[in-house]
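Novice: To start, I am sharing the structure in question, which I have written as structure tokens.
The values are calculated or read from the model by the stated rules, or taken from the named source; none is laboratory data. Just so we're clear, the structure is a prediction, and the values are computed from it rather than from any experiment. In this analysis, Cβ positions are derived from the backbone assuming ideal geometry, glycine residues included, and neighbour counts consider all displayed protein chains.
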Amino acid sequence: MTPIRSTLLALAASTALSLPAVAAGIPGAPAPFDKGGVKVALVSYISAGDFFEAYQAGAVAQAKALGIDLRIFPGRQDAAEERSQIEQAINLGVKALVIDHGLPESLKDVAQKALDAGIKVVAFDVNLDNPKIPQVEQSDHDLARIALEDALKTNGASFHAGYVYVAGFAPLDRRDETWRAVKAKNPGIVEKVRIGAVSDTTAATVADQAKAALRANPDITVFFAPYDEFARGVKLALNELKLTDKVKVYSADVSTADIGEITEPGSPWVTTAATNPAVVGAVSIRAAALAVAGQDPGHDIVVQPTLLTQEALRSANIHTIEDLNAKLPAFGHSDAATAAWIPTH
Ligand code: SR1
């Protein structure tokens, strides 16, 4: 468990975590960043799991570099709590609010309330359908496309598939659009079963579902599981059923732990398509900072994903996210939402 995660768990009440060591202002930066201490809130729907921990860590590092006083509200997959945390952030007098995932219908009005109070709002992976709210995403259509192209390359255009999906999450819905388009174009792909859960035990729940699905559909040879917690669940099921040499798993997302799972001998998890989530967290904070400074970050802010195959990771001797950053500079950095006055790393 990362120190940030354990701190968040310790603060299990719904109070925000205020990070210490707020830097002084940035000389030459536009107001209010020339003075420092600009209050920004990050309100998440999910905080658990490698992706969300790395996203928060990237947001924290970028906030520190900008002298932002970042208030983090931990997500517990609870729509009502996320709403109430946004209300709390408004009452704290933040200058900007980053809303990370969530269910749009429970957030649109409260996000508008923040805008009405003069607070800049940035959304990551939740479609708030508001021209005043910049939307950050990982180009989910491309992400699903490159993972599925790899599946087609290895398995041909005819196979029986299992699919993991939960409707209502913007990135999963976008990836699902691509899955449907790929199936329509390749009628030999048969979706035999669809499973899915998003909770604080996603991987374990998906593992149970996948076991039942695989027992009932022994002809499945490919699983499309476009979220690393989904892929972990499917892999657990394949290990338990001793089917690792029969079924291949294609996913989204990457972390150091995921790289270990993908590259271990005999792993059925053969491909993922991913951004560096810390970079996405940093981009979200930069977009909020630009908006606060009166500079337009643009409405659609996209971080491009990279295809990471088991074969490529093994042959390049990549074991960690830091290895990926070093070997693939486009993975470790994004030009999205940058400005000369904003320090990046
Ligand atoms: C429940 S949504 C999970 C996804 O959100 C982020 O976009 C990550 O890529 C993850 O796959």
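Novice: Report whether or not Val206 is within 22 Å of Ala48 (Cβ to Cβ), in contact (Cβ under 8 Å) with a residue 12 or more places away in the chain, over 17 Å from the mean Cα position of the chain (by Cα) and part of a helix (DSSP H, G or I).
Specialist: yes
Novice: Any residue at all in segment 109-126 that's away from the ligand (no atom under 16 Å from the Cβ), buried (at least 18 other Cβ atoms within 10 Å of the Cβ) and assigned to a loop (DSSP other than H, G, I, E, B)?
Specialist: yes
Novice: Ok, one more. Go through segment 213-232 and give me each residue that's closer than 12 Å to Tyr163 by Cα and not in a loop (DSSP other than H, G, I, E, B).
Specialist: Answer for segment 213-232, where residues must be closer than 12 Å to Tyr163 by Cα and not in a loop (DSSP other than H, G, I, E, B): Ala213, Leu214, Val222, Phe223, Phe224, Ala225, Phe230, Ala231.
Novice: How many residues are in contact with a Gly (Cβ under 8 Å, 6 or more places away or on another chain) and either within 14 Å of the ligand (Cβ to nearest atom) or farther than 16 Å from Thr154 by Cβ (or both) when one looks only at segment 218-265?
Specialist: Looking only at that region, the number is 6.
Novice: Among the residues of segment 73-86, are any more than 16 Å from the ligand (Cβ to nearest atom) and under 20 Å from Arg174 (Cβ atoms)?
Specialist: no
Novice: I've got another one for you. Which residue, of Arg145, Arg174, is within 12 Å of the ligand (Cβ to nearest atom) and touching a residue at least 12 places away in the same chain (Cβ under 8 Å)?
Specialist: Matching residue, one of Arg145, Arg174: Arg174.
Novice: Could you tell me how many of the residues in segment 92-108 are within 18 Å of Leu290 (Cα to Cα), in contact with a Phe, Trp or Tyr (Cβ under 9 Å, 6 or more places away or on another chain) and either of a type in the set (D, E, K, R) or in a loop (DSSP other than H, G, I, E, B) (or both)?
Specialist: 1
Novice: Here is a follow-up. When the residues of segment 85-108 are filtered to those that are surrounded by fewer than 21 Cβ atoms within 10 Å (Cβ to Cβ) and in contact with a helix residue (DSSP H, G or I) (Cβ under 9 Å, 6 or more places away or on another chain), which remaining residue is nearest to Pro32 (Cα to Cα)?
Specialist: Lys95
Novice: Hey, could you check segment 266-277 for residues that are over 22 Å from Gly332 (Cα atoms) and of a type outside the set (Ser, Thr, Tyr) and say which is nearest to the ligand (Cβ to nearest atom)?
Specialist: Checking each candidate, the answer is Trp269.
Novice: From the list Leu308, Leu324, Leu290, Leu313, which one is in contact with a Pro (Cβ under 7 Å, 6 or more places away or on another chain), buried (at least 18 other Cβ atoms within 10 Å of the Cβ) and of a type outside the set (Phe, Trp, Tyr)?
Specialist: Matching residue, one of Leu308, Leu324, Leu290, Leu313: Leu290.
Novice: Let me ask another. Within segment 39-60, take every residue that is part of a strand (DSSP E or B) and away from the ligand (no atom under 11 Å from the Cβ) and give me the one that is surrounded by the fewest Cβ atoms within 10 Å (Cβ to Cβ).
Specialist: Lys39
Novice: How about segment 291-345: which helices (runs of 4 or more DSSP H) wholly inside it have at least 1 residues that are among the polar types (S, T, N, Q) and modelled with pLDDT of 95 or more?
Specialist: Of the helices (runs of 4 or more DSSP H) lying wholly inside segment 291-345, those with at least 1 residues that are among the polar types (S, T, N, Q) and modelled with pLDDT of 95 or more span 310-315, 321-327.
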